[in-house]
Amino acid sequence: GSQVDLGCSAEGSPAPLLTWFRGPQVLREEPGVPSLGLHLAQVSPEDSGTYTCVAENRHGRHNRSLELHVA
């Protein structure tokens, strides 16, 4: 029932597209922003899983993942 806030930031030229995924599902996406948060309200065990932030522009793609476990 608690909330979880995840953050992701990236720099690049041109400014990257930032996207949050849970598995293959896109949760949030914003082009040209330096950071992108993901707010999960009232998490439950069903929210457990791998969350990935991807930063991408024409020069490449970089990502970071985290595993969320909700008991």
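The values are calculated or read from the model by the stated rules, or taken from the named source; none is laboratory data. If you're wondering where the values come from, they're calculated on a predicted model, not measured in any experiment. For neighbour counting, all protein chains shown are included, and Cβ atoms are generated from backbone atoms with ideal geometry for every residue, glycine included. The accessibility values were calculated without ligands, DNA or RNA, using every heavy atom of the protein model including side chains. Shrake-Rupley method; radii C 1.70, N 1.55, O 1.52, S 1.80 Å.
Within the set of pairs 6+ apart or on separate chains, which have a first residue in the stretch 15-32 that is on the phi > 0 side of the Ramachandran plot, a second that is open to solvent by 70 Å² or more (accessible area, probe 1.4 Å), and C-beta atoms under 6 Å apart?
none
With touching an Asp or Glu at 6+ places or on another chain (Cβ under 9 Å) and of a type outside the set (A, V, I, L, M) as the only criterion, which of Pro45, Pro16, Pro31, Pro24 stands out?
On the way: Pro45 fails: touching an Asp or Glu at 6+ places or on another chain (Cβ under 9 Å); Pro31 fails: touching an Asp or Glu at 6+ places or on another chain (Cβ under 9 Å); Pro24 fails: touching an Asp or Glu at 6+ places or on another chain (Cβ under 9 Å).
After ruling out the rest, the residue left standing is Pro16.
If Val33 satisfies every condition in (1) more than 13 Å from Ser65 (Cα to Cα); (2) open to solvent by less than 70 Å² (accessible area, probe 1.4 Å); (3) part of a strand (DSSP E or B) but one, which is the exception?
(3)
Collect the residues in the stretch 1-14 that are in contact with a strand residue (DSSP E or B) (Cβ under 7 Å, 6 or more places away or on another chain) and among the small types (Gly, Ala, Ser), keeping them in residue-number order.
To start, the set of residues in the stretch 1-14 that are in contact with a strand residue (DSSP E or B) (Cβ under 7 Å, 6 or more places away or on another chain) comprises 3-10, 12, 14.
Passing the criteria: Gly7, Ser9, Ala10, Gly12.
The conditions are (1) surrounded by 14 or more Cβ atoms within 10 Å (Cβ to Cβ); (2) more than 25 Å from Ser2 (Cβ to Cβ), and Phe21 fails exactly one of them. Which is it?
With (1) surrounded by 14 or more Cβ atoms within 10 Å (Cβ to Cβ); (2) more than 25 Å from Ser2 (Cβ to Cβ) applied to Phe21, the lone miss is (2).
Regarding the stretch 30-53, can at least one residue be identified that is more than 16 Å from Val4 (Cβ to Cβ) and out of contact with any strand residue (DSSP E or B) (no Cβ under 9 Å at 6 or more places or on another chain)? It would help to see each step written out before you state the result.
Going through the stretch 30-53, the residues more than 16 Å from Val4 (Cβ to Cβ) turn out to be 30-35.
Next, from what is left, pick out any that are out of contact with any strand residue (DSSP E or B) (no Cβ under 9 Å at 6 or more places or on another chain): none.
No - not one qualifying residue is present in the stretch 30-53.
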